[in-house]
1. Scanning the stretch 368-377 for residues that are assigned to a helix (DSSP H, G or I) and open to solvent by less than 30 Å² (accessible area, probe 1.4 Å), which turns out farthest from GLU448 (Cα to Cα)?
2. Give the residue, chosen from PHE180, PHE146, that is over 26 Å from LYS106 (Cα atoms), free of Cβ contacts under 8 Å to residues at least 40 places away in the same chain, open to solvent by 60 Å² or more (accessible area, probe 1.4 Å) and not hydroxyl-bearing (Ser, Thr, Tyr).
3. Confirm whether ALA390 is touching a helix residue (DSSP H, G or I) at 6+ places or on another chain (Cβ under 6 Å), more than 27 Å from SER461 (Cα to Cα) and among the aliphatic types (A, V, I, L, M).
4. Filtering the stretch 190-199 down to residues that are touching a Phe, Trp or Tyr at 6+ places or on another chain (Cβ under 9 Å) and open to solvent by 20 Å² or more (accessible area, probe 1.4 Å), which residue is farthest from TYR239 (Cα to Cα)?
5. Residues LYS47, LYS53, LYS106: which one is of a type in the set (Lys, Arg), closer than 22 Å to TYR144 by Cα and in contact with a helix residue (DSSP H, G or I) (Cβ under 9 Å, 6 or more places away or on another chain)?
6. Cβ contacts < 6 Å: first residue without any contact (Cβ under 8 Å) to a residue 60 or more places away in the chain, restricted to the stretch 314-341; second residue in a helix (DSSP H, G or I) and open to solvent by 50 Å² or more (accessible area, probe 1.4 Å), any location; separation 6+ or different chain. Result?
7. Looking for something open to solvent by less than 30 Å² (accessible area, probe 1.4 Å), at pLDDT 95 or above, part of a helix (DSSP H, G or I) and in contact with a Leu (Cβ under 7 Å, 6 or more places away or on another chain) - is there at least one such residue anywhere in the stretch 231-241?
8. Picking from LYS278, LYS282, LYS329, LYS317, which residue would you name as being open to solvent by 30 Å² or more (accessible area, probe 1.4 Å), touching a His at 6+ places or on another chain (Cβ under 9 Å) and more than 26 Å from ILE399 (Cβ to Cβ)?
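The values are calculated or read from the model by the stated rules, or taken from the named source; none is laboratory data. What you see is a predicted model; the values in this text were computed from it and never measured. Note: ideal-geometry Cβ built from the backbone for every residue, glycine included; neighbour counts use all protein chains shown. For accessibility, only protein heavy atoms count, side chains too; no ligands or nucleic acids. Shrake-Rupley method; radii C 1.70, N 1.55, O 1.52, S 1.80 Å.
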Amino acid sequence: MKFNHEEFEENNFSITRYESMLRSNDVKFFDSDEFESIIHHYLENGKIAKAKKAISLGLSQHPSSVNLKLLQVEVLVFEDRLDKADNLLGQLHALEPENEEIYIQKANILSKQNDHIKAIELLSTALEYTADEADIYSLIGMEYLFMDDFENAKVNFMRCLESDNQDYSALYNIIYCFDFLEQHEEAITYLNMFLDKNPYCEVAWHQVGKQYFDLKDYEKALAAFDFAIISDEYFIGAYLEKGKVLEKLKRYNEAIENYRITLELDDPTSFALLRIGKCFEKLGSDDLAIQHYSKTVHEDPLLDKGWIAITDFYMRKRNYQKALYYTNKAISIDAENVLYWKRYAKINNRLAFFEEAERGYRKALELGNYELETWLNRSDILKLIGESDAAIQNMHQAIEFYPENAEVQYRLAGLHYEKQEYDKGEFHLRKALDLDIEYIIVLEELFERVFNLTLVQNIISEYKAS
């Protein structure tokens, strides 16, 4: 519901008077329009119990009000009491067959039952009776989205925007459809047509910029974000996106300026602080970079990109002790983050803390990081600390994900040969050679003694000859 200032004041007065009545237990009369406003207020603020009480009181004073009964239907649908809602709609349809809200609520029920085709049919009927086509087209668009029919969804959101050029949620949905269909050029064409009629629409300029950014046309993206800022100098999103473009163009000082504007316009965001830190690092201003990374994690301790930025900064500087310190802090906040454990493992490996490194890779695997590199690194460390059986078991687990990987097979060959399990060693060596003879370097570097065995050299020569 949209209110002008006078209606807003009246609505507030009605709510205040109504809540005063509840506190005093006095029954006061409200007209049906007042009850509708009160109920909408509670529904919009998620106060379902209060909305139900207001509906009950409203219907006790206005038992024949179709609009109050429709609000009752809305609550029943919200509570998934669909059969009761459907029965009530049937009664209301008999009373007012041309009330579009009846068709909308019936469509809502069908949508909840995943019957989107019939929901669309009913919404199309509602179009015949409504004075507000924009809302109906938006609802039809959403039904098509539920069916992953992005072309028809896009068409209906466009119709919605034609009816109400201020409906920016429809505009965002149109662009969402274009993006899903990877129609960036078509999206730009559409947005430019929209801008011909609405030249100061900052949201449209912002979306044009994002399309050009995706197409890596950074100069045009920059121009679009500038127009968005001209249209609304307080548009934080445009400054952030402009900063990202300037980073791509390596204009780091200008990027910092735009990110700083967002900090002045609103409370600091971890994203802006992080990007400023990245820019300072690119400029070689290490102290300012680490200062902003620290502000990032202070602002949002759960933002993994902030902790990773600090850790990677110190890793690049080969200051592994500090990198480990910050990784440990990050893990203490979120021990389920795979990215932290991978860095924990890598840093400990660099510091020759092999048991801790193995723990890091094991934890990453337990958390679902099944990248080949994680399996291989863990296996190599297990071998190094004398845990050959565990290394073999680890590689057999890796085979489940990478059954045709030569690096895994060469490692298994070497591990089995080291344990003097020659049949198993030969099986995996031949499998590895079948897959990729070039990777024999894995065996040579990690298992030099095995590589130099006469029986191993004979098998290798046999494959080279063939």
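1. Residue satisfying both the conditions and the ranking: THR374.
2. PHE180
3. Taking the combined requirement at face value, the residue satisfies it.
4. TYR190
5. Checking each option against the conditions leaves just LYS106.
6. If the second residue must be in a helix (DSSP H, G or I) and open to solvent by 50 Å² or more (accessible area, probe 1.4 Å), the pairs left are TYR314/LYS322; TYR320/ARG350; THR327/ARG343; TRP341/LYS363.
7. Within the stretch 231-241 (the criterion being open to solvent by less than 30 Å² (accessible area, probe 1.4 Å), at pLDDT 95 or above, part of a helix (DSSP H, G or I) and in contact with a Leu (Cβ under 7 Å, 6 or more places away or on another chain)), the answer is no, since none of the residues qualifies.
8. The unique qualifying residue is LYS278.
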